[in-house]
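This report refers to the structure that appears directly beneath it.
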Amino acid sequence: MSKQIPIAVAVWSLLTLIPAPSQANPPNSAPDTMEARVQACTICHGDEGKGTNDVYFPRLAGKPAGYLYNQLLAFRTGRRHYPPMNYLLEFLPEPYLKAMAEYFAEQHPPLPAIAPPEVSQGVLAHGQGLVTHGDAARSIPACASCHGASLTGMEPAIPGLLGLRPAYVSAQLGAWRYGTRTAKAPDCMQVVAGHLTEDDVKAVAAWLSSLPAPANASPAPKGTYTLPFDCGSQPN
Amino acid sequence: MLKVKILVGLLALAGAVPIALVVVSKQTAAQAQEQKSVAPASTISKGEYLARAGDCIACHTAPEGKLFAGGRAMPTPFGTLYTSNITPDPETGIGRWTAEEFYGMMHTGRSRDGGLIYPAMPFASYTKVTREDSDAIYAYLKSVEPVKQLNRPHDLSFPYNNRSLILGWRTLFFSEGEYQPDPSKSAEWNRGAYLVEGLGHCGMCHTPINALGGNSQSDAFKGGLIPMQNWYAPSLTSNKEAGLGDWTIEDISDLLRTGVSKRGAVYGPMAEVTYNSLQYLSDEDTRAMAVYLKGIAQDAAPDVAQPSVPPSEGSLLMSLGKTVYDQRCDSCHGAQGEGAPPHYPPLAGNQSIQMQSAVNAIRMVLNGGYPPGTAGNPMPYGMPPFAGVLSDNEVAAVVTYIRTSWGNRGAAISASEANQLRSAQLN
C-alpha cells in the first residue's frame, strides 16, 4: 500500500488536466469506509447508530469509544449474553472492534424526539430524585455522580444515559440486578442496581427518557470528576 | 532461550575460573536436567504452528479462559462435554505426560491411563499425524504457561455416560494409522491431504455425521448438517456443493486463509476455523490444501435441487423475492447477483446457496454475519441480519429468488423452513 499511494498520487497529479472519472470507487468494489463495514450493525441500531423505532436496540452514536469497545468485547466473549450480537462478533479481532467503537463514538446525529412519559408525575419525581440525588439511606448513589451532571457520561468508558428509551434502560438495569449483565470487577453497576427495586428502575428509566438533549451531548473528558467508588470498567 | 544463554554463560565462566567449578557444575547439572525437558526453540515454534493447524485452541480454551486450560462446554446431541486442560500443569494438565504418551493419545484416542477418549476430540483425524509432528506439538504445549485448573466432569445423559460405548463407536468409525502418502500424487497434493485429513480434521464437519455420532469413511467429505449448530457443512467432493473443482487454486487459498475470495466468503463454524487456525498457515500449506481439495472434487453434471414447495407457490415467491431483493440486497450484491468480490460475495453461480440444503442461505439472511477478521482481511464487511425486518414469507421469497435466478439451479423453499431456523442456536 505504502508504495501504491505515492504512485497513485503521482498519476493523479499527471491527470489533473484530464476530466476526473465520476466514481471514486471502481465498479463492483465495496466502498472502503467504516459506514459500509458496519451495515450489519446499523440495520438494528440505525444509521450512524442513532437508534431505531425498536425500543430494545440502543442508540450507539456519541457514546464514549471505551464504553462501546468494552461492550463489543463483552459480547464477543459471551459475558454479555445476546446471541445475535455474540454470533456477529465472535471472530472479529480487537483492533477492528476498537475501530467500530470509535466510528460510532464519532457520530453525532440529533437525539430522537422525546416520547411523552407513560408514567405519573409522582413516578417521574421519584426518578428525578434518584438520578440527581440518589438515596443515601438505601446506599443508592445519584446516577449523575458517575454519568455526569448532564448525564452525557465521561471518557473513556462511562456511557451517557440520554437518547435511550425507557424499555431499554429498564431491561439493562434489570439485567444488572439479576446478574445477567456483568462487567469487570469491581462491578459497580451490579452493586448499584442491586439496591434498586423494580419501582426504582421504572422511575429512573422514565425520568431519563423524558430529558431533552443537552446543548453539548458529548461525554465529559477523562478525569473531569472523581467517581464516588471504584469501577472496574473505568479505573479512577 | 534465556535459560540456554545463562547456561552457556555459566559454562564459559566455569572454564575460565576453575575454583568456581564445583559450585557451578552443581548448578549446571540441575539446570541441564531441566534443560533436557525443554525442546529447542525451533521445535517449539514448529509445534505452535502445527497446533494452529490442528486448531487446538478453539476447543481447549474457554471464552475469557486461560490459554489451553480447557473447560469449554461442547454441546453434543448426547450431552455436554467439557474440554480438558492441556497446559503443562502437573496436577491438572498434561505436565506429567511423556511425548510417547501424548503421541499415543493422538494416535489411538486413548488417554495416558489407557482410558477411552470421547470422539469429540478428533483423534480419528489426528491418528494420521506423524510422530515427529506430534512431538513438536507436545514440545509446544509443554512450553506454554501452566494453569492449575481441574477438568470439569462431562455432563452426558444415559446411556452415553458409559465410556465403554466408545468401544463400539471405535469399531465402526475409527481406523488407526498415520497418513500414508500416495506415490502417484505430487508432494504438494500429499502435504495438502495430510493437513486436510489429519490436523485440519475437516472431515469432522464435512463428512456426514450419523445418528451414532460417527463419520463413515465411505462418505468422506460428502457434507452434512453439523449437529447442534444447524449449519450445513457442504460436500468437498461434489462440485454441486462446495466442491472446488472449478475454482482457481488462488481463490481456494484466499478463502481458507483470509476468509474471503472472489467466489465466496466463510461464515459460521468455518469462520472459526479460518480465524483460529487457517489464517496462521503458510502460503505453501494453504496452497497445498487447495491443490488437494481441488483434486478431490468430482465433476458431475449439476442436479437441479428438488423444490419443497409446489410450482404455483414458487412463482409467487419469486415475484415477492424480487421485490425484497431489489429493496434489501441489490445495493451490495448487484442486480445480476454479481456482488462486489471479495467483500460482497457474488450470488450468481455461488454454489453455497444452490445446494439441496438451503440452511446456510436462510441463516445468512436471518442472522447476517461477518467473515472472520484475519491478517489478510482485518476489517471484514458484515452482512446485516434481517430476522427483525423480514417475515418468514419474505425470507423464503428472497432465498428462493437468489437460489433460482441468474442461472442458479437451486430450488424454492417454504416459509416454514425459514421459520424453523429462527430458533437455531447462534453461537
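The values are calculated or read from the model by the stated rules, or taken from the named source; none is laboratory data. This structure is a prediction, so every number in the text was calculated from the model and none was measured. As a convention, Cβ positions derive from the backbone with ideal geometry for all residues, glycine included, and neighbour counts pool all protein chains shown. Calculation scope for accessible area: heavy atoms of the full protein, side chains included, ligands and nucleic acids excluded. Shrake-Rupley method; radii C 1.70, N 1.55, O 1.52, S 1.80 Å.
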Among helices (runs of 4 or more DSSP H) entirely within the range A:55-108, at least 2 residues that are without any contact (Cβ under 8 Å) to a residue 24 or more places away in the chain and under 19 Å from A:C44 (Cβ atoms) occur in A:65-77, A:83-89
Exactly one of these conditions fails for B:L256: (1) of a type in the set (A, V, I, L, M); (2) in contact (Cβ under 8 Å) with a residue 60 or more places away in the chain; (3) away from chain A (no Cβ under 14 Å); (4) assigned to a helix (DSSP H, G or I). Give me its number.
(2)
How many residues of the range B:68-82 are on the phi < 0 side of the Ramachandran plot and out of contact with any Asp or Glu (no Cβ under 7 Å at 6 or more places or on another chain)? The answer is 10
Please enumerate the residues belonging to the range B:371-387 that are more than 7 Å from chain A (Cβ to nearest Cβ) and either in contact with a strand residue (DSSP E or B) (Cβ under 6 Å, 6 or more places away or on another chain) or open to solvent by less than 10 Å² (accessible area, probe 1.4 Å) (or both).
B:P371, B:T374, B:N377, B:P380
Out of curiosity, is B:A397 over 24 Å from B:P63 (Cα atoms) and touching a residue at least 60 places away in the same chain (Cβ under 8 Å)?
yes
Select from the range B:222-250 the residues that are open to solvent by 40 Å² or more (accessible area, probe 1.4 Å) and part of a loop (DSSP other than H, G, I, E, B) and write down the one among them that is modelled with the highest pLDDT.
B:T248
Going through the range A:168-219 in order, the residues found to be touching a strand residue (DSSP E or B) at 6+ places or on another chain (Cβ under 6 Å) and buried (at least 20 other Cβ atoms within 10 Å of the Cβ) are A:P219
Identify, please: which residue in the range B:267-284 is outside any helix (DSSP H, G or I) and open to solvent by 10 Å² or more (accessible area, probe 1.4 Å) and is, among those, farthest from the other protein chains (Cβ to nearest Cβ)?
B:S282
